[in-house]
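A.B. asks: Please find one structure pasted underneath; my questions will follow.
The values are calculated or read from the model by the stated rules, or taken from the named source; none is laboratory data. These figures come from a predicted structure and were not determined experimentally. Virtual Cβ from ideal backbone geometry, glycine too; neighbours counted across all protein chains shown.
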Amino acid sequence: MTAEPAPASREAPRARFRPPAVPQVDVRGFWGSRVDAVADKTADILYERCVEAGMLDQLDPDRPVPELRIPFMSMSPAAVTSGKPTFTSGTVTTQMFWDSDLGKTIETAAYSLYRKKNPELEAKIDAVIDMFAKLQQPDGYLSSWYQRMQPGLRWTNLRDCHELYCAGHLIEGAVAYYQATGKRKLLDVMARYADHIDTMFGPEPEKKKGYCGHEEIELALVKLARVTGNDRYMKLAKYFIDQRGQQPHYFDEEALARGSDPSKFHFGTYEYNQSHKPVREQDKVVGHAVRAMYLYSGMADVATEFHDDTLRVALDKLWDDLNSKQLYVTGGLGPSDANEGFTADYDLPNETAYAETCAAVALAFWANRMLGMGPNRRYADVMEQAIYNGAISGISLDGSLFFYENPLESRGHHNRWKWHRCPCCPPNLGRMIASIGSYMYGQAEGEIAVHLYGDSTARLDIGGKEVRLTQTTRYPWDGAIGITVDVDAPTRFALSLRIPGWCRKASLKVNGEAVDLQAVTIDGYARLDREWKAGDSVALDLELAVERIHAHPEVRQDAGRVTLKRGPLVYCLEAVDNPISLNRVALPSDAPVDARYEDGLLGGVVTLSAKAKADATADWGGTLYRTEPPKSEEVAIKAVPYFVWDNREPGEMLVWLRGG
């Protein structure tokens, strides 16, 4: 679990690795069952709960303008007692962000429709898209909030009100719906909106010098540029990255223009939205966790597309800071609910961990985009860590219930919920799971990288030629991975396979012949550059040993504690398997830990079992304190993967066990 060193700089321009579109990859096995859960249940649930919240009432221009459903964070007494919004008594309501929830719901539905036909859902999404198209103004502007609820105030508060953020999520939804269904109505709508945004923001004297308080538009514009081939959107993404944090500060000027005191900012610091410095000067991960991860994702995309090493230098400093001081072992991040983000170095509380699902998802976005600059294990390992643990823990196995926060300890009262007044996490996780195939591979001119292992078939573009790869594996339960190559004619390309940092022993064969891993491994990837023929086979075997993980001594909450990990999966104890107060348990350092696959448990998981020690309570009577230490008794413990916790009876959960 030590951080990988930063990659050495390269003289020649790097290949640009792009993720495949979702329809290029068919997933089976572990991920197939999770994509099916999203397609079978989650996608419909997201749509229905958006409807129940009232989102379509706000969006549909044929309906009366609705009353405010979610109050502003600070409203005047008159607004509260009258029951009608004045829109001058507060700054933010999560109702402002509903377009973003609809955008992510459309994206989840798109990938689900590719996976499985669902005519009813498709008709519903088409109707939503029709509403957006009808709402769009002649100049291209599109916002259900600023057109229907607060007309006349558009582009007046980018710091707080998520205008460009909502546009970004709608753009991503449009790209996904086009790629998955071939329908381009929403894509055309959002391209017109992006054109409008480009007329409003930029370095030209007549344009606004702004950017969004909640980053997202940057990475969305990169997606739009790639799918349309319009470089205008790529340049606009770069502008938003370059402009952030420049002086005079746009948010100060914007506040003065609307008659507000710039210092009357709820969070009191521009570190909250990462605009405290120009991005190339930032070396410390600060503020709201999701915003930070989205910003760094956009920076990585721009660094890839423009071969901008000044951005990469900053990104690697930020990466090192996160991974050496501020990341939970589960890939969760952002310990505090006060700012939904970061506090101080090594401050990683377990029971009160915020670790928002969206933040782990966004970390996977960032890591995936760092791989655009070339295969490197330091990024892919963290992408895997976040996805397999802190992200998918946010959804129940059947795809119906969700976590907003993902603590590493619970007394049994933290359980998944149906919905949330700020419902950003369910569709964010839904779209990530449904598009998981695009995270597994990278494609470039003459290059393919396999970042994540899973039973799948990929049709990849290496520059005008298609290569079909079929992975056969039971990963993450088993480390044996078989890859079959299929090409129409003998084709030379480099195939790079990640050798995870957690793997202590690995072997590789091509067509049955052993490969010297040390000789071919670059930045943690085995690079096989050769002419490939149809039917060529690769066999990679990764040892999935059980490891005891210890935290840095400065992480005071984990001092003297240990957690168990097998391959990419972090484990935890649940009360349903361990009928004893979990904090009484201590795992001796020499206790053998047995791994066993249990097909009938939680959809089929590998569990870990061991003989541990527990402080005995039987002889304490009614005494609360005494001079003698507690006696020890042997207990059998059983651990399950962290991502499946709270799928059975509610009860205690613990990731970090006392050592022994």
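A.B. asks: Please report, ordered by residue number, the strands (runs of 3 or more DSSP E) entirely within region 457-523 with at least 3 residues that are among the β-branched types (Val, Ile, Thr).
C.D. replies: Values: elements: 466-473, 480-486, 491-498, 506-510.
Result: 466-473, 480-486.
A.B. asks: Hey, among the residues in region 210-233 that are among the small types (Gly, Ala, Ser) and either in a helix (DSSP H, G or I) or out of contact with any Phe, Trp or Tyr (no Cβ under 8 Å at 6 or more places or on another chain) (or both), which one's farthest from residue 275 (Cα to Cα)?
C.D. replies: Out of the qualifying residues, it is 229.
A.B. asks: Residue check, residue 534 against (1) within 26 Å of residue 586 (Cα to Cα); (2) among the hydrophobic types (A, V, I, L, M, F, W, C); (3) assigned to a loop (DSSP other than H, G, I, E, B), all met but one. Which one?
C.D. replies: (1)
A.B. asks: Any idea how many residues of region 460-494 are over 29 Å from residue 598 (Cα atoms) and surrounded by fewer than 16 Cβ atoms within 10 Å (Cβ to Cβ)?
C.D. replies: 9
A.B. asks: Separate question: Among the numbered criteria (1) outside any loop (DSSP other than H, G, I, E, B); (2) among the basic types (Lys, Arg); (3) closer than 17 Å to residue 158 by Cα, which single criterion is violated by residue 264?
C.D. replies: Of everything listed in (1) outside any loop (DSSP other than H, G, I, E, B); (2) among the basic types (Lys, Arg); (3) closer than 17 Å to residue 158 by Cα, residue 264 misses just condition (1).
A.B. asks: With respect to residue 634, is the statement that it is over 27 Å from the mean Cα position of the chain (by Cα), acidic (Asp, Glu) and in a strand (DSSP E or B) true?
C.D. replies: yes
A.B. asks: Quick one: how many residues across region 308-317 are aliphatic (A, V, I, L, M) and surrounded by fewer than 22 Cβ atoms within 10 Å (Cβ to Cβ)?
C.D. replies: 2
A.B. asks: Considering region 637-659 alone, what residues qualify as being of a type in the set (A, V, I, L, M, F, W, C) and assigned to a strand (DSSP E or B)? Let's see the steps before the verdict.
C.D. replies: Filtering region 637-659 for residues of a type in the set (A, V, I, L, M, F, W, C) gives 637, 639-640, 643-645, 653-657.
The answer is 637, 639, 640, 653, 654, 657.
A.B. asks: Here's a follow-up. Kindly evaluate residue 245 against the criterion of being in contact with a strand residue (DSSP E or B) (Cβ under 8 Å, 6 or more places away or on another chain), buried (at least 18 other Cβ atoms within 10 Å of the Cβ) and either in a loop (DSSP other than H, G, I, E, B) or among the β-branched types (Val, Ile, Thr) (or both).
C.D. replies: Working: in contact with a strand residue (DSSP E or B) (Cβ under 8 Å, 6 or more places away or on another chain): no; buried (at least 18 other Cβ atoms within 10 Å of the Cβ): yes; either in a loop (DSSP other than H, G, I, E, B) or among the β-branched types (Val, Ile, Thr) (or both): yes.
Judged against the criteria, residue 245 is not a match.
A.B. asks: A further question follows. Quick check, is residue 399 in a loop (DSSP other than H, G, I, E, B) and either farther than 22 Å from residue 291 by Cβ or not acidic (Asp, Glu) (or both)?
C.D. replies: Taking the combined requirement at face value, the residue satisfies it.
A.B. asks: Pick out the one residue from 585, 570 that is in contact with a helix residue (DSSP H, G or I) (Cβ under 9 Å, 6 or more places away or on another chain), assigned by TED's automatic domain parsing to the domain that holds residue 633 and at pLDDT 95 or above. Walk me through it before giving the result.
C.D. replies: Values: 585 fails: in contact with a helix residue (DSSP H, G or I) (Cβ under 9 Å, 6 or more places away or on another chain).
Exactly one residue qualifies, and that residue is 570.
A.B. asks: Another question, then. List the residue pairs whose Cβ atoms are under 6 Å apart, where the first residue sits in region 183-210 and is more than 20 Å from residue 143 (Cα to Cα), the second is outside any loop (DSSP other than H, G, I, E, B) and at pLDDT below 95, and the two are 6 or more positions apart or on different chains.
C.D. replies: Note: no pairs meet the criteria.
A.B. asks: Taking into account only those residues within region 392-435 that are touching a strand residue (DSSP E or B) at 6+ places or on another chain (Cβ under 7 Å) and surrounded by fewer than 18 Cβ atoms within 10 Å (Cβ to Cβ), which is nearest to residue 604 (Cα to Cα)? I'd like the intermediate steps shown before the answer.
C.D. replies: As a first pass, look at region 392-435 and keep what is touching a strand residue (DSSP E or B) at 6+ places or on another chain (Cβ under 7 Å): 394-395, 401-402, 409-410, 416-417, 425-426, 429.
The next check asks that each one be surrounded by fewer than 18 Cβ atoms within 10 Å (Cβ to Cβ); those that pass are 416-417.
On the way: 416: 21, 417: 24 Å.
Checking each candidate, the answer is 416.
A.B. asks: Suppose we filter 454, 464 for residues that are modelled with pLDDT under 95 and within 30 Å of residue 537 (Cβ to Cβ); which single one remains?
C.D. replies: Numbers: 454 fails: modelled with pLDDT under 95.
Going through 454, 464 in turn, the sole match is 464.
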